[in-house]
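Chemist: Before anything else, here's the structure in question.
The values are calculated or read from the model by the stated rules, or taken from the named source; none is laboratory data. The structure displayed is predicted, hence computed values, not measured ones. Here the Cβ is made from the backbone with ideal geometry for all residues, glycine too, and neighbour counts use every protein chain on show. Each accessible area value is taken on the protein alone, full model and side chains, heavy atoms only, with ligands, DNA and RNA left out. Shrake-Rupley method; radii C 1.70, N 1.55, O 1.52, S 1.80 Å.
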Amino acid sequence: MLKLYHGATSVCSQKVRVALAEIGLDYEGVMLDLQKGDQFDPDYMRLNPDAVVPTLLDGDLVLVESSLIAEYLDRTYNEGRLMPSDAAQQARVRHWLLRCLSVHAAINTLTFSTFMRDKVLAAKTPQEIEAAIARMPDKVQQAKRRDLFANGLGSIYVDQALLHLRRGFADMHADIAGGTWVSGPAFGLADIALVPYIDRIERLGFEGLWRSEFPAVGAWLTAMRERPSYAAGIATFIPDDMVQEQRSAGATYWPTLEERWAEQSG
Ligand SMILES: N[C@@H](CCC(=O)N[C@@H](CS)C(=O)NCC(=O)O)C(=O)O
């Protein structure tokens, strides 16, 4: 039986759960509480030295990196049906899987400079926050987290995030091009890989980032949410109170974000 170490609302975990649901695979889930710091448990860090979720175990095989896990599941258990057969289209899909690293960083930035910033600053003392950050193995990630908490949407990381998101939305809009899916004529791995990130932006109430300039992104998200895998992998894991918290935190930050988005486009 596949074993997935995951987080309820972590975007990368959502991606793997959507892939599992699309392929129709059962798995044993081990839920980590990232706010409590379960990811720093030494036994878990032997599987995933970066102290992040998800990690998938398939027998003795230990797999990390959510996009690669989704591709592995498709190749191993689904005859690669979620990957186009045409080489050029495959290259485009793989480019999306690779770009998920920068898209993930951007979503992490938007989440921790707004909603999570409010949540953590309200719940913990500065000493507790610093102690939690100091447990992250990567000092550059530590520096990023400190900067997002200190500066919110004023952080330099927000500029970087908006740059990657603008390019990402433009390319998604072009790839969908009159069809429905980013992966090509058929639904596939690029759609699965992107849905948690675009969903998070909408849940924070930041859909104004694509609404007028890249409307295909919104139509695509609606189509993704109609698939049963969305409920199975994403929606059912998000507690109702978090839905409200994300929306109201996002609403307070949206006017500033909208200004930064306009500045960046000029
Ligand atoms: N590129 C990795 C990113 C994994 C990652 O950063 N996961 C986040 C949740 S989405 C995490 O575990 N964060 C732990 C923390 O913030 O301490 C992947 O796609 O699997």
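Chemist: List the helices (runs of 4 or more DSSP H) inside segment 207-266, counting only whole elements, that have at least 1 residues being touching a residue at least 40 places away in the same chain (Cβ under 8 Å) and among the β-branched types (Val, Ile, Thr).
Modeler: 215-225, 240-265
Chemist: Test residue 182 against the criterion of being crowded, with 22+ Cβ neighbours inside 10 Å and part of a loop (DSSP other than H, G, I, E, B), and give yes or no.
Modeler: yes
Chemist: Please enumerate the residues belonging to segment 22-39 that are more than 20 Å from the chain's Cα centre (by Cα) and not in a loop (DSSP other than H, G, I, E, B).
Modeler: Result: 27, 28.
Chemist: Would you confirm whether or not segment 165-176 contains a residue that is more than 30 Å from residue 78 (Cα to Cα) and crowded, with 17+ Cβ neighbours inside 10 Å?
Modeler: Within segment 165-176 (the criterion being more than 30 Å from residue 78 (Cα to Cα) and crowded, with 17+ Cβ neighbours inside 10 Å), the answer is yes, since at least one residue qualifies.
Rundown of residues vs (1) touching a helix residue (DSSP H, G or I) at 6+ places or on another chain (Cβ under 6 Å); (2) within 30 Å of residue 78 (Cβ to Cβ), yes/no style:
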residue	(1), (2)
182	yes, yes
185	no, yes
192	yes, yes
203	yes, yes
229	yes, yes
246	yes, no
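Chemist: So which residues in segment 40-53 are open to solvent by less than 40 Å² (accessible area, probe 1.4 Å) and over 17 Å from the mean Cα position of the chain (by Cα)?
Modeler: 40, 44, 48
Chemist: Write out, first by first residue and then by second, each pair whose Cβ atoms fall under 8 Å of each other, whose residues are 6+ apart or on separate chains, and whose first residue, in segment 96-122, is open to solvent by 40 Å² or more (accessible area, probe 1.4 Å) while the second is among the aliphatic types (A, V, I, L, M).
Modeler: Here the result reads 104/11; 117/148; 118/249; 119/249; 121/129, each pair linking segment 96-122 to a residue that is among the aliphatic types (A, V, I, L, M).
Chemist: Take the residues of segment 124-148 that are more than 10 Å from the ligand (Cβ to nearest atom) and of a type in the set (Lys, Arg): which is surrounded by the most Cβ atoms within 10 Å (Cβ to Cβ)?
Modeler: For segment 124-148, the residue satisfying everything is 144.
Here's the yes/no breakdown for (1) hydrophobic (A, V, I, L, M, F, W, C); (2) crowded, with 20+ Cβ neighbours inside 10 Å; (3) closer than 23 Å to residue 132 by Cα:
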{"position": "15", "(1), (2), (3)": "no, yes, no"}
{"position": "21", "(1), (2), (3)": "yes, no, no"}
{"position": "25", "(1), (2), (3)": "yes, no, no"}
{"position": "32", "(1), (2), (3)": "yes, yes, yes"}
{"position": "55", "(1), (2), (3)": "no, yes, yes"}
{"position": "61", "(1), (2), (3)": "yes, no, no"}
{"position": "71", "(1), (2), (3)": "no, yes, no"}
{"position": "78", "(1), (2), (3)": "no, no, no"}
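Chemist: Can I ask one more? Tell me which helices (runs of 4 or more DSSP H) are completely within segment 41-153 and hold 3 or more residues being more than 19 Å from residue 9 (Cβ to Cβ), or say none if there are none.
Modeler: Result: 42-47, 66-77, 87-112, 126-134, 139-151.
Chemist: What pairs come out if I take residues in segment 31-46 that are assigned by TED's automatic domain parsing to the domain that holds residue 61 and pair them with residues that are open to solvent by 60 Å² or more (accessible area, probe 1.4 Å) and not hydrophobic (A, V, I, L, M, F, W, C) whose C-beta lies under 7 Å away, six or more apart or interchain?
Modeler: Pairs that qualify, where the first residue is assigned by TED's automatic domain parsing to the domain that holds residue 61 and the partner is open to solvent by 60 Å² or more (accessible area, probe 1.4 Å) and not hydrophobic (A, V, I, L, M, F, W, C), are 37/135; 40/135.
Chemist: Which is touching an Asp or Glu at 6+ places or on another chain (Cβ under 8 Å) and within 23 Å of residue 83 (Cβ to Cβ), of 184, 178, 188?
Modeler: Within the list 184, 178, 188, the selection yields 184.
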